[in-house]
Amino acid sequence: MTRSEVREAVFKLLFRTEFHDDAEYDEQIKLFVEQEDIERPADFIEESDYITEKVNAIREKLPEIDSLIDEKSEGWKTTRMGKVDLTIIRLAIYEIKYEDSIPDKVAINEAVNLAKEYGTDNSGSFVNGILAKVYD
């Protein structure tokens, strides 16, 4: 899988966990990995451990990430944001703050691309605006 495909899978799993409580988390991971009714790259199963580990790492840092989002976003707290935008922003901030192997500008660009694909018409600019403030 390409890095973009892995990032998209991380986004989808992280987004999915927004709708389930922690007691269902392990089951949601299993369902996500084993889901057969969607098209996936041939090497998805090989990457599934990395994807799951990254989602777990992001979830562990959510209090810090959400605090930073609340600090940088003007008039938009995490509780008011759409789940798609919020999930994409969380993923990008994690990559910016905790993954040195990913250049910050790449994390931002990939986040904007995800927002354009999965969010509303305004999601790309919204995500870019929040991440630009985090990047400064």
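Couple of notes before you dig in:
- Output for region 79-95, where each listed residue is among the β-branched types (V, I, T) and open to solvent by 20 Å² or more (accessible area, probe 1.4 Å): T79, V84
- I65 vs. criteria open to solvent by less than 10 Å² (accessible area, probe 1.4 Å), in contact (Cβ under 8 Å) with a residue 12 or more places away in the chain and either part of a helix (DSSP H, G or I) or not basic (K, R) (or both): yes
- Candidates in region 1-24 are the residues that are over 16 Å from the mean Cα position of the chain (by Cα) and assigned to a helix (DSSP H, G or I); of these, the one that is nearest to L91 (Cα to Cα) is D22.
- Checking A132 against (1) surrounded by fewer than 16 Cβ atoms within 10 Å (Cβ to Cβ); (2) under 14 Å from the mean Cα position of the chain (by Cα); (3) of a type outside the set (D, E); (4) farther than 24 Å from E5 by Cβ, the condition it does not meet: (2)
- Residue in region 109-121 that is under 22 Å from A9 (Cα atoms), surrounded by 21 or more Cβ atoms within 10 Å (Cβ to Cβ) and among the polar types (S, T, N, Q) present: no
The values are calculated or read from the model by the stated rules, or taken from the named source; none is laboratory data. Remember, it's a predicted structure, so these values are computed and weren't measured experimentally. No Cβ is skipped: glycine too gets one built from the backbone with ideal geometry, and neighbour counts run over all protein chains shown. These accessible areas exclude ligands, DNA and RNA; they are computed on the full protein's heavy atoms, side chains included. Shrake-Rupley method; radii C 1.70, N 1.55, O 1.52, S 1.80 Å.
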